[in-house]
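Written out below as structure tokens is the structure these notes cover.
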Amino acid sequence: MTWRDLGAGEVRKEHVGERHTLAGWTARRRDHGGLIFIDLRDASGISQLVINPERAPDAAASAHEVRNEFVLQAEGEVVARAPEAVNPNLPTGEVELQVDRLEIISRSTPLPFQLDEENVDETLRLRYRWLDFRTDRMQRNLRLSHTVVASIRRSMEEQGFIDIWTPSMTKGTPEGARDFVVPVRLQPGRFFALAQSPQVFKQLCMIGGFDRYYQIATCWRDEDLRADRQFEFRQLDLELAFPTREDVLDVLEQVVVASFTALGREAPRRPFPRFSYADVMARYGTDKPDLRFGMEIQDATEVTRSSEFGVFANAPVVRYLVVPAAFSRAELARLEEIAKEWGAKGLAYLVSDEEGQIRSPISKFLSEKELAAFGAEPASTVLFAADEEATVERVLGGLRTHLGRELKLADEAAQSLLWVLDFPLFKIDEDSGRWTFMHHPFTAALPGSEGLLESDPGAALSQHYDLVWNGWELGSGSIRIHDSLLQASVFRTMGMSEEESRAKFGYLLDALAMGAPPHGGFAMGIERFVALLAGEPNIREIIPFPKVSSGSDPLTGAPTEVPAEQLAELGIAVVKEKD
Ligand code: ASP
């Protein structure tokens with residue numbers, strides 16, 4: 001006995017007159033008095049079953065019991081539909097199965113939501129994820145995800161990379177997030193950290209003589225969950241020995257193009273444009289700019305140096321955006337709120353109405369020269385930020401991104417894939433006030449910056465690069481330090497004593513001291529990449545079993561408490577938070 005001999009979505013005109021057996025789920029049942037119609041769905045698509053009580057009384061009796069999502073097996077003859085019954089929207093729409101035998105294989109309780117219902121609460125979808133999987137959206141997304149991952153693997157193999165497994169349970173790896181820790185029964189009081197990335201292990205592979213490593217690696221980071229962030233996620237993680245920076249970028253560009261091609265899409269043109277960090281920060285106020293629209297930040301520091309408007313004259317940096325919309329007062333008040341969230345003290349503006357009349361509380365302080373410099377075309381608004389450079393970048397960058405979305409400025413048909421290069425090596429850690437790494441502490445300085453590591457860390461640039469797509473950071477990488485002494489000097493700049501750096505990374509320092517080749521690599525977030533390819537706004541839509549923003553899994557109810565004996569065995573006491 002076979003369950004089925006044809007996919008429900010595969011039945012075509014050429015099968016007319018043949019007998020076939022189909023099996024799948026009940027998408028819909030319509031009882032037309034005499035005839036009963038059932039849309040039967042399996043992974044290949046949908047077929048219409050017709051049950052005629054006169055021809056098949058037993059099948060009709062079963063059909064009366066059928067409800068949505070019952071699993072059925074139907075045997076019968078494929079017949080052509082009458083011309084007026086043809087459904088041009090279905091590949092199987094010219095035919096139907098005239099059922100002789102209908103078996104209910106499995107029943108379903110009433111459904112918590114219907115599969116064709118719109119805007120179903122996400123927690124409910126995740127709680128009943130197996131039902132959600134049956135929707136067109138999830139079927140499409142997970143299949144697309146598979147196609148992309150398969151194409152990435154193919155491309156990596158074609159480019160000569162080998163897949164090397166690295167441990168999940170390890171020692172803290174500094175990728176800028178908190179570690180998830182795993183207690184160890186055999187050594188109570190000691191913990192593994194779940195790998196935030198395979199970073200150090202892949203470097204050890206290079207030192208060990210493997211010159212092209214890759215892995216679709218699961219990484220764990222204890223961070224707040226967001227639309228583009230989960231506790232656990234996958235990366236295309238790779239590393240090359242003896243590479244130039246261009247070699248690494250080239251590998252990634254080939255992977256991206258292979259994925260587009262595997263999906264039958266027009267691939268982005270290579271090479272992807274390259275920008276320096278300083279350039280994108282000045283022009284777009286972010287290190288992940290969306291270049292599907294212009295609206296660049298412009299500088300007004302010089303022209304406002306002797307402005308009668310004191311806020312401008314006294315600010316270290318004055319920059320502005322010209323937005324193609326004449327905002328109302330209410331809209332400007334809302335934008336000011338947003339600017340304040342990004343750190344602005346206020347939001348100065350000039351509105352140029354349809355006739356080119358300027359409306360602004362500050363225009364009376366501005367000279368002709370200043371007004372002319374801002375170039376406010378009719379029906380536009382000039383938004384200013386006057387502050388320290390970092391604040392100005394953050395505020396105008398935040399406003400540009402927000403307004404780009406709000407005013408739908410991006411050309412949706414365009415793709416903006418780009419590289420950001422030459423990041424600073426260090427930044428100040430806001431909590432400790434100490435220098436910390438911008439990418440991770442294994443990133444090499446840009447040639448010319450090595451001498452600044454300890455003398456002027458803030459001015460040192462690095463060989464760190466990011467890949468950005470439509471305003472999302474797809475991934476990061478760098479050329480690494482392959483000199484043990486240089487690595488130790490970076491740890492020192494970050495305020496680590498020799499003891500601390502040996503305790504944390506002694507094994508890496510030892511490895512770097514035993515013949516380390518120049519090496520570098522990259523990691524690309526698979527879920528972000530797939531979500532963008534799928535046109536989904538949220539990575540949860542392409543992750544089979546994600547967590548919600550509270551950090552819980554609505555499906556299993558995890559995380560849960562563990563029995564007291566298990567905690568005792570691990571040597572752990574839980575301190576209950578007082579209400
Ligand atoms: N380990 C880095 C990360 O996970 C990527 C890299 O530098 O290769 O972001």
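Taken together, the values in this text are just the output of simple stated rules run on the coordinates, not laboratory data. Bear in mind that the values here come from a model prediction, so they are computed numbers and not experimental data. Because the Cβ atoms are built from the backbone with ideal geometry, glycine has one as well, and the counts that use them run over all protein chains shown.
Averaging Cα coordinates gives a centre for segment 28-102 and one for segment 475-493; these two points are 66 Å apart. Here the relative contact order of segment 380-451, from alpha carbon pairs under 8 Å that lie six or more residues apart, stands at 15 percent. When each of the peptides 133-140, 24-31 is scored by how many other beta carbons lie within 10 Å of its residues on average, the order from highest to lowest is 24-31, 133-140. Among the listed pairs K364/K408; K340/K369; K427/K504, give every one whose C-alpha distance is greater than 25 Å. In this structure, K364/K408; K340/K369 lie more than 25 Å apart at Cα. You can think of it this way: the chain between R359 and D411 has 15.8 nm of extra reach, that is 0.36 nm per residue less the Cα-Cα gap. Distance between the 7 Å Cα→Cβ label points at D58 and R185: 5.3 nm. Ranking F374, I362, A193 by how far each Cα lies toward the positive end of the dipole of the chain (charges on Cβ) leaves A193 at the top. Applying the criteria of a DSSP loop state and at most 13 other Cβ atoms within 10 Å to the GluC sites (Glu not before Pro) of segment 7-44 yields E18.
Take every Cα pair under 8 Å whose residues are at least 6 apart in sequence, average their separation, divide by the length of the chain, and the relative contact order is 13 percent.
The stretch between V574 and T560 holds 3.8 nm of extra length on full extension. This uses 0.36 nm per residue minus the Cα-Cα distance. Between K345 and S306, the FRET efficiency from the beta-carbon distance, with R0 = 30 Å, is close to 0.90.
Straight Cα distances below 16 angstrom link K576 to the aspartates and glutamates E561, with same-chain residues fewer than 8 positions distant left out. Quote the FRET efficiency, to the nearest 0.05, computed for E77 versus E232 with a Förster distance R0 of 51 Å and r equal to the Cβ-Cβ distance. So, using R0 = 51 Å, E works out to roughly 0.55. The simple Förster model, with R0 at 56 Å and r as the Cβ-Cβ distance, assigns A379 and D5 a FRET efficiency of 0.30. Evaluating 6.51 cos²θ - 1.76 cosθ + 1.60 at θ = phi - 60° for every residue in segment 80-85, the Karplus couplings come out as 6, 7, 4, x, 6, 9 Hz, glycine and proline recorded as x. Charged neighbours of D224, selected by a Cβ distance under 13 Å, balance to +2 (K, R count +1; D, E count -1).
Calculated mean residue ellipticity, 222 nm, the chain: -8500 deg cm²/dmol, from DSSP H runs (n ≥ 4) at -39500 (n - 2.57) each, averaged per residue and rounded to 500.
Given the options L131, L40, N87, identify the residue whose Cα lies farthest towards the positive end of the charge dipole of segment 31-190 (+1 on Cβ of Lys, Arg; -1 on Cβ of Asp, Glu). In segment 31-190, that residue is L131. Electrostatic tally near T381: other residues with Cβ closer than 14 Å to its Cβ, Lys and Arg +1, Asp and Glu -1, net -2.
Projected label points at W165 and D136, each 7 Å from Cα along the beta carbon direction, are separated by 4.0 nanometres.
Could you compute the net charge surrounding T244? Neighbours are other residues with a C-beta less than 15 Å from the C-beta of T244; K and R count +1, D and E count -1. Result for the neighbourhood of T244: -3. Each residue of segment 118-133 is assigned a 3J(HN,Hα), and the resulting list reads 9, 6, 5, 3, 5, 5, 5, 4, 6, 5, 10, 4, 4, 6, 4, 4 Hz, derived from the Karplus form 6.51 cos²θ - 1.76 cosθ + 1.60 (θ = phi - 60°), x at Gly and Pro.
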